[in-house]
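Read-outs: derived from the displayed coordinates by stated rules, not from any lab. Small disclaimer: the values here were computed from a predicted structure and weren't measured. Ideal geometry is used to build each Cβ from the backbone, glycine not excepted, and the neighbour counts take in all protein chains shown.
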Amino acid sequence: YGIWMTNAYPTSNGAREGGDGQAVFEQICRLQHSCRPNTVLTWNAQLNCQTVHAAADIKAGDELTVAYWGDECSGSSRQERQGIAEERYGFACACPSCRLTGKVLATSDQRQKRISVLSGLIDASNAKASGEAEDHSKLCEHVNSLVNLLREEGLPSAWAEGSLLSAARSAGRSGDW
């Protein structure tokens, strides 16, 4: 059970843990964790398989990495991410992001905090869903800032997919295509 819970991936977006809608993949399960992964995983329902996509430039010989918890920890400090790695997976994360020190670590944690705040503002804008021009403008500003912060932090831009879709829906409601 422990091996399953630490190696299984969802076979559909949003599948719950516990074996329902999960599988262990021979190759994908060999990918190491990084809080700044260079790949993202996606369940492809048409192909009925898990797919790996580059999230950054990958040079020949570079190790492929994945965030074991996907974008869930986007906006979390190093201390919070390390706590999740230990609690859920039983390891002390020592990825390049978690090895940062001093001013570089402080800057990273500040960006992560800003990502968390922006994600909350975007969620609040989605809850309103009024389509007012001011709301739409603010939402687009927040989404743009989020994408830029993800880039600065070295995180996959795919982690902003939901926010980008929200901005597109807002644009449609406000007539601002």
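Could you work out the relative contact order of the chain? I mean the mean sequence separation of Cα pairs under 8 Å and 6+ apart, divided by the number of residues, in percent. Can you show the working numbers first?
On the way: 211 pairs, mean separation 32.8, N = 177.
Relative contact order of the chain: 19 percent.
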Phi-based couplings in Hz for region 135-143 (Karplus 6.51, -1.76, 1.60; Gly and Pro marked x): 4, 4, 4, 5, 4, 4, 4, 5, 5
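For n ≥ 4 DSSP H runs only, could you compute -39500 (n - 2.57) per run for the chain, divide by its residues and tell me the 222 nm figure to the nearest 500? Intermediate values should be presented prior to the final figure.
Numbers: 5 runs with 75 residues, N = 177.
That comes out to -14000 deg cm²/dmol.
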Near-label residues of region 46-66 by backbone N, under 17 Å of a point 7 Å along Cα→Cβ of F91: 63-66
Out of N38, I3, G102 - ranked by how far each Cα lies towards the positive end of the dipole of the chain, with unit charges on the beta-carbon of charged residues - the top one is G102
Going Cα to Cα from K103, which lysines come in below 23 Å? Please leave out same-chain ones fewer than 8 positions away. K113
The answer for Q22, listing residues at least 5 apart or on another chain whose modeled amide H is closer than 5 Å to its amide H, is T11
Whole-Å semi-axes of region 1-99's equivalent ellipsoid (Cα gyration tensor): 21, 18, 12
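What do you get for trypsin sites (Lys or Arg not before Pro) in region 77-119 restricted to DSSP loop and a cutoff of at most 15 other Cβ within 10 Å of the site's Cβ?
Details: sites: R78, R81, R88, R99, K103, R111, K113, R114; in loops: R99.
Here the sparse-neighbourhood loop sites are R99.
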Counting Lys and Arg as +1 and Asp and Glu as -1, each charge on the Cβ, what is the dipole of the chain about the Cα centre in debye, to the nearest 20? 320
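Note down the net charge around C98, summing +1 for each Lys or Arg and -1 for each Asp or Glu among other residues with Cβ under 12 Å from its Cβ. Mind dumping the intermediate values first?
Working: positive: R36, R78, R81, R99; negative: E80, E86, D109.
Once positives and negatives cancel, what remains is +1.
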Counting only GluC sites (Glu not before Pro) that are in a DSSP loop and have at most 14 other C-beta atoms within 10 Å, tell me the longest site-free stretch of the chain. 64-131
Bin all alpha-carbon pair distances of the chain at 5 Å intervals from 0 and give each bin's fraction as a whole percent. 1, 8, 15, 17, 18, 16, 13, 7, 4, 1, 0
Using DSSP to call loops (not H, G, I, E or B), can you name the chymotrypsin sites (Phe, Trp or Tyr not before Pro) in region 60-133 whose Cβ has at most 15 other Cβ atoms within 10 angstrom? F91
